[in-house]
Amino acid sequence: MRKVFLVVFSVSVLLLMGCARSGSGGIIPIPNPVPDEYRVIVEVTPQEVYEGEEVSCFADITPGDYGGVITWEQIPSTPSGIFNPPTGETTKWKAPDVEMRTEFEIKASIVVGQTTYTGRATVVVLPKEAPPVYPPQIVIDYPFDKIVVGSETIMTILGKLKEGSNPIDRIEVEITDDNEVAILETFGNEVIEDIGGGIKCFRLDIKHFGAPGYKQVKVRVIDKQGVFGESTIEVINDDILLEEKALEFLRKYNCLFDGGTQRFGNLNTGPYHRPVRVYINTVEKWKSLIEQGCEFWTRYSGIEFELLVSEGEPEKPVVIISDETTQDLGNVVAMTYLYGLDDHETTTSVIKLYKGFLELSDPMKIGIIAHELGHVLLTSKEVTEFGCYFTMWPYGCPIDQQVIPPEVQKAIKLLYTHEPGWIPQ
């Protein structure tokens, strides 16, 4: 009886060691027992994040010899975050964008045999407070008051822009009347120039105003996200009123002591009969700048120019531009001299460029040439009532900041469709 007890004890010891001896003296492996249940604990850090931020996830599974792959998912499934990597004991979850405070369950799963074991933890995702959206800013430099326009006139708009939260995409001009009939024009970045300091300037030429009457011209600068800034100009589209203002301009700035007009050439030789001949014998080095000064007048008046080099006495009426840059007249950089058959018809105009002209930038040189051509074509006087943007402003201005107002455009057309000495009524 005692002997049997010893044998049983020996076998018990061997089983605890995980093996048994066979009759031939070998060892038979005994498999480890399969647990009735695995426990999955999910830990997440942090437990509250803003959209777009990452959460560190860890799955602790006991016992540890599970021998399977841990997979991850979120509940609800949308909006969808990103697990990286999608499997394994540890991962990172990038929180999705949400519209409001949203709770998500982060779920880890492991399959052992035919059974799936899971663990979960909760993460709260908060929407980020959107940074304030600043619209682009717009300031209209010209026109700075209500303006009258009419048929076949150009209204130039000069202004400055400053970007808001987003880059500028385009400029729109919307013209509406009392009946809310709209004309819309769109301008790309080609009309915008960066002048530094975060400021951009722009120049727009508007030619279509719709039916006669009172108008509102809304100038909008629109950024890449559709956010815009806006400024409004009041406009009156009225040919009769425009002509009245044009006649008033001629009486004030063109007519001589007897009330008659002074103009370049007569009806047969004037600028609407043939191009204005401009002789540049001594200033060919500035031909490109002179051409741009002439083009400025062509844009607003329709007057054409022809630049020539003469071999003798030039044919009249004529404009001669002369290099006098060896003469220093201080602040006087150019001057125009008018000669004619009588006081009302100019047959020869001489524009002299003095030493100060050499010190100017090219845009200023072009502006000076345009200004002096204005003395040839329109008035011998300096004009201040339209501000510094009118080309006849006495103190000079770069060409890209010069305009000819609609009433002056109309005055030019009236002047050159009447004989010299015509008295505007």
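The table that follows gives values for the structure above.
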item	result
Long-range neighbours under 8 Å by Cβ, at least six apart or interchain, first residue of a type in the set (Lys, Arg) within the range 287-315, second part of a loop (DSSP other than H, G, I, E, B)	LYS287/ILE280; ARG299/ILE154
Residue check for GLU103: out of contact with any strand residue (DSSP E or B) (no Cβ under 7 Å at 6 or more places or on another chain), of a type outside the set (Phe, Trp, Tyr), at pLDDT 95 or above and at negative phi	no
Selection count, the range 145-172, where residues are in contact with a Ser or Thr (Cβ under 8 Å, 6 or more places away or on another chain) and either free of Cβ contacts under 8 Å to residues at least 60 places away in the same chain or of a type in the set (Val, Ile, Thr) (or both)	3
Residue check, GLU37 assigned to a loop (DSSP other than H, G, I, E, B), modelled with pLDDT under 95, more than 53 Å from the chain's Cα centre (by Cα) and exposed (fewer than 15 other Cβ atoms within 10 Å of the Cβ)	yes
Strands (runs of 3 or more DSSP E) wholly inside the range 147-229 that include at least 1 residues being of a type in the set (S, T, N, Q) and closer than 26 Å to LEU414 by Cα	155-162
Qualifying residue in the range 226-245 (condition: within 23 Å of ASP141 (Cα to Cα), among the small types (Gly, Ala, Ser) and either in contact with a Cys (Cβ under 7 Å, 6 or more places away or on another chain) or surrounded by 19 or more Cβ atoms within 10 Å (Cβ to Cβ) (or both))	yes
Residues within the range 61-94 that are within 47 Å of the chain's Cα centre (by Cα), surrounded by 11 or more Cβ atoms within 10 Å (Cβ to Cβ), small (Gly, Ala, Ser) and under 25 Å from THR115 (Cβ atoms), tallied	0
Any strands (runs of 3 or more DSSP E) falling wholly within the range 247-343 and containing at least 1 residues that are of a type in the set (Phe, Trp, Tyr), in contact with a strand residue (DSSP E or B) (Cβ under 8 Å, 6 or more places away or on another chain) and over 27 Å from ASP400 (Cα atoms)	334-340
So LYS410, is it closer than 21 Å to PHE249 by Cβ, within 40 Å of the chain's Cα centre (by Cα) and not in a strand (DSSP E or B)	yes
Lone qualifier among ILE351, ILE412, ILE404, ILE366 - being crowded, with 22+ Cβ neighbours inside 10 Å, β-branched (Val, Ile, Thr), free of Cβ contacts under 8 Å to residues at least 40 places away in the same chain and out of contact with any Cys (no Cβ under 9 Å at 6 or more places or on another chain)	ILE351
Options ILE195, ILE171, ILE199; residue that is touching a helix residue (DSSP H, G or I) at 6+ places or on another chain (Cβ under 8 Å), farther than 25 Å from GLU407 by Cα and of a type outside the set (D, E, K, R)	ILE171
Single residue of LEU358, LEU378 found to be at pLDDT 95 or above, surrounded by fewer than 18 Cβ atoms within 10 Å (Cβ to Cβ) and under 30 Å from CYS201 (Cα atoms)	LEU358
Residues of the range 129-146 satisfying the condition of being touching a strand residue (DSSP E or B) at 6+ places or on another chain (Cβ under 7 Å) and part of a loop (DSSP other than H, G, I, E, B)	PRO135, PRO136, PRO143, LYS146
Boolean, ILE206 is closer than 22 Å to GLY387 by Cα, β-branched (Val, Ile, Thr) and at pLDDT below 90	no
Per-region count, the range 378-406, residues over 18 Å from THR153 (Cα atoms), under 25 Å from the mean Cα position of the chain (by Cα) and part of a loop (DSSP other than H, G, I, E, B)	2
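The values are calculated or read from the model by the stated rules, or taken from the named source; none is laboratory data. Just so we're clear, the structure is a prediction, and the values are computed from it rather than from any experiment. As a convention, Cβ positions derive from the backbone with ideal geometry for all residues, glycine included, and neighbour counts pool all protein chains shown.
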